[in-house]
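The block underneath contains the structure these notes are about, expressed in structure tokens.
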Amino acid sequence: MTDKSANTNNRPAASSAAAPASTGFSIGGLFRHPAVGAFMGMVLVFIFFSIFGYDRNFLTAFGTSSWVNAASTIGIIAIPIGFLMIAGELDISIGAVVPAAKMAMAISVGYYGLPFVAGLLITFAIAGAIGWVNGTIVTRTNVPSLIVTLATLFSVSGLTLFLSLLLTDTTSQAMPSPPWAKWLFGDYHFWGLQSSVFWWLFITGALYYVLHHSPWGNWIFALGGDKESARNAGIPVNRLKIGLFVLASTAAALSGVCEAVLSNSATTTTNFALIFNTIIAVVIGGVLLTGGFGTVAGIFFGTATLAIVQQGIGYTPFDRNLSSLIIGVMLLIAVLMNDTIRKMATSMSTSKKK
Amino acid sequence: MADKTPVLEMRAVDKSFGPIDVLHEISLRLHQGEVLCLLGDNGAGKSTLIKTLSGVHQPTRGEMLMDGKQVRFERPKDAQAMGIATVHQFGGTYPLMSVGRNFFVGAEPTKGIWPFKVFDREKANRIAVEAVQNFGITRITDGDRLVGGLSGGERQSLAIARAVHFGARVLILDEPTAALGVKQAAHVLRIVNEAKRRGLAVIFITHQVMHAMTVGDHFAVLIRGAIAADFRKGERTREEITDLMAGGETMADLEASIEGYMETHEGHPPASPTASA
């Protein structure tokens, strides 16, 4: 039966023809938007630190750039991680991909003197390969992705250290960059904002389009919602999943490249804190732990919230260690809100008769 | 209409898994605009039969025909391409996605020019809501609503409307009313009738005789992988069908024996008797 014959069906559907099937902009709808919780959290935290950090320049350009810069290095990775979580997977190997990317850049450009672009190609090829390995193992074996990426986390960090020592005999390497690369990846621009901030904004925009406006977004949600049904509906489930893992590792590599160019150097140290930070940002951003639901805007606000707390604490009279306590409490609230979010979302109907 | 070539036909289909025979000499004919009710107790081979029809399993022996031509489904996609759609209890619907998005998973309408194609939300919502409403579910008016907020019957309806929209000719409904309340089940039955009215061939799998009798034109009772009875509407009474499903043992006998057991065992019903495999 075709589209047309369904339309010409003679049942009285006139009542529906008058009312549009999609609802436009409404204030009520805006308040029920799933990213609102994350946004309110960010606003609350911002007000809190603005009050207590006012005397110590939290609100100045310098204070602002400090948390925005910190947010950008997490945020570039957090959104692809959020995609994976929506699709029902997780990737913790990014903690090793970041230093691996930094060392790949520094060794190829700084040690061997290759052109910067060649360094970029090598770095992203390595990162892409790690993502491909992650995705392939997860889709082929059905081993939980937490375990698979835990294995690659350690393998990659071990390999990075081993190869660095083998090739250069050091664990840290200096790296000069040409001016254009410096400007593009690792310089301070107006208000002291790093180049990575603009990458973060660009990636947020691009991935917002992918998740919420392109057909692929529909596939990602469907994959997290019900894998078997998604496969029956003709979605290339395995290829999509591998693609998401590749996206996560290449995003981690981009973050690493930005850091290496900014500091003109690289070290092999595995960034364990980054793993937790990205997951926290995603969860505070309202992505469901069980998959199937989440928004790019929410992850964006979640990342900002995390960075405000971590950086803002230094502008207040409070002890620095309390930032972890605040984040822990916020994370707990976010997880407890998970169920509420789901209930609110499913009962959301803007079609109430006036 | 009944004399036409069947849309789907099974001729002496056997299915065995290793040494175990699950289906034995199954022959079925399914015509356009007809509802075939497949009745059977748990373990009678209903799911294996559905899976064979929808391409998950391949018959060990025997042949399957569509429109009189022999077909062989190597995978579910082959069956889908021929217009056989299987709707499981909640299958194919994603609770945390909107009605419009659910409807078009895997076949999203887009607008704009590549590479800036965007999911055409308005078109998706419009078509989805219209398709569902045409099936008589008038409560769904907002394509942005998440499916998790719909009732079980509405979700079933959405899945059926979706299958019909994408060109299904044979609809296999796997226990669509099993988890539903009376009102919701009535909803689904109305949709089965609507699908029939539109000329689809429907295979309705159930173990609720009442539901089967409401919509069925043709009934087949499956016992231990073989068709124990094949009859048309009005040829058997409800009691006869129930008895058949229970494996020939008359329900009255069973009830009497349970009552007798309860009297001698302080009101406890017997531990579940070993059901026929």
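The values are calculated or read from the model by the stated rules, or taken from the named source; none is laboratory data. None of the values given here were measured: they were computed from a predicted structure. Methodologically, a virtual Cβ is constructed for each residue, glycine included, from the backbone with ideal geometry; neighbour enumeration extends over all protein chains shown.
Key figures for this structure:
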item	result
Number of positions in region A:260-275 that are out of contact with any Pro (no Cβ under 9 Å at 6 or more places or on another chain) and either in a strand (DSSP E or B) or closer than 12 Å to A:Ile74 by Cα (or both)	4
Sole exception among (1) at pLDDT 85 or above; (2) more than 25 Å from B:Thr177 (Cα to Cα) for B:Leu23, by number	(2)
Considering residues of region B:76-99 that are out of contact with any strand residue (DSSP E or B) (no Cβ under 7 Å at 6 or more places or on another chain) and buried (at least 20 other Cβ atoms within 10 Å of the Cβ) only, the residue nearest to the other protein chains (Cβ to nearest Cβ)	B:Tyr94
Residue satisfying condition, being within 25 Å of the chain's Cα centre (by Cα) and either part of a helix (DSSP H, G or I) or basic (Lys, Arg) (or both), within set A:Leu167, A:Leu201	A:Leu201
Flag if B:Val164 is assigned by TED's automatic domain parsing to the domain that holds B:Gly55 and either among the acidic types (Asp, Glu) or in contact (Cβ under 8 Å) with a residue 12 or more places away in the chain (or both)	no
Test result for B:Glu194, more than 14 Å from the chain's Cα centre (by Cα), within 12 Å of chain A (Cβ to nearest Cβ), farther than 20 Å from B:Val56 by Cβ and assigned to a helix (DSSP H, G or I)	yes
The lone exception for A:Leu193 - which of (1) more than 14 Å from chain B (Cβ to nearest Cβ); (2) surrounded by 15 or more Cβ atoms within 10 Å (Cβ to Cβ); (3) modelled with pLDDT of 90 or more it fails	(3)
Qualifying residue in region B:48-55 (condition: farther than 18 Å from B:Ala168 by Cα, outside any strand (DSSP E or B) and at pLDDT 85 or above)	yes
Among the residues listed as B:Asp174, B:Asp217, the single one being surrounded by fewer than 20 Cβ atoms within 10 Å (Cβ to Cβ) and acidic (Asp, Glu)	B:Asp217
Within region A:207-246, tally of residues that are more than 24 Å from B:Ala85 (Cα to Cα), within 11 Å of chain B (Cβ to nearest Cβ) and among the small types (Gly, Ala, Ser)	2
Filter result for the condition that a residue is out of contact with any Pro (no Cβ under 7 Å at 6 or more places or on another chain), buried (at least 24 other Cβ atoms within 10 Å of the Cβ) and of a type in the set (Gly, Ala, Ser), over A:Ala70, A:Ala87	A:Ala87
Residue selected from region A:87-143 under the condition assigned to a helix (DSSP H, G or I) and among the aromatic types (Phe, Trp, Tyr), by the criterion nearest to A:Asn271 (Cα to Cα)	A:Phe124
Qualifying residue in region B:63-75 (condition: out of contact with any Pro (no Cβ under 6 Å at 6 or more places or on another chain), within 14 Å of chain A (Cβ to nearest Cβ), farther than 17 Å from B:Ile205 by Cβ and surrounded by fewer than 18 Cβ atoms within 10 Å (Cβ to Cβ))	yes
Residues of region B:111-159 classified as β-branched (Val, Ile, Thr), more than 9 Å from every other protein chain (Cβ to nearest Cβ) and either surrounded by fewer than 21 Cβ atoms within 10 Å (Cβ to Cβ) or part of a helix (DSSP H, G or I) (or both), total	2
Which numbered condition A:Ala222 misses (of (1) touching a residue at least 24 places away in the same chain (Cβ under 8 Å); (2) outside any loop (DSSP other than H, G, I, E, B); (3) surrounded by 18 or more Cβ atoms within 10 Å (Cβ to Cβ))	(1)
Selected residue (only one of A:Thr278, A:Thr250 is surrounded by fewer than 23 Cβ atoms within 10 Å (Cβ to Cβ) and either in a helix (DSSP H, G or I) or away from chain B (no Cβ under 14 Å) (or both))	A:Thr250
Some residue of region A:225-233 being under 23 Å from B:Val118 (Cβ atoms), assigned to a helix (DSSP H, G or I) and modelled with pLDDT under 95	yes
Total residues in region B:168-187, condition away from every other protein chain (no Cβ under 13 Å) and within 11 Å of the chain's Cα centre (by Cα)	5
Residue tally, condition within 16 Å of A:Thr269 (Cα to Cα), surrounded by 13 or more Cβ atoms within 10 Å (Cβ to Cβ) and of a type in the set (A, V, I, L, M, F, W, C), over region A:155-173	4
Long-range neighbours under 9 Å by Cβ, at least six apart or interchain, first residue among the charged types (D, E, K, R) within region B:39-57, second part of a loop (DSSP other than H, G, I, E, B)	B:Asp41/B:His207; B:Asp41/B:Ala246; B:Asp41/B:Gly247; B:Asp41/B:Ala275; B:Asp41/B:Ser276; B:Lys46/B:Glu175; B:Lys46/B:His207; B:Lys51/B:His57
Matching residues in region A:281-304 - criterion: being of a type in the set (Val, Ile, Thr) and within 14 Å of chain B (Cβ to nearest Cβ)	A:Val287, A:Thr290, A:Thr295
When residues of region B:236-277 are limited to those that are at pLDDT 75 or above and among the polar types (S, T, N, Q), the one surrounded by the most Cβ atoms within 10 Å (Cβ to Cβ)	B:Thr242
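Yes or no, residue by residue, for (1) modelled with pLDDT of 90 or more; (2) among the hydrophobic types (A, V, I, L, M, F, W, C); (3) farther than 30 Å from A:Ala251 by Cα:
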position: A:Ala6; (1), (2), (3): no, yes, yes
position: A:Gly28; (1), (2), (3): no, no, yes
position: A:Gly41; (1), (2), (3): no, no, no
position: A:Leu59; (1), (2), (3): no, yes, no
position: A:Ala70; (1), (2), (3): yes, yes, no
position: A:Pro80; (1), (2), (3): yes, no, no
position: A:Ala96; (1), (2), (3): yes, yes, no
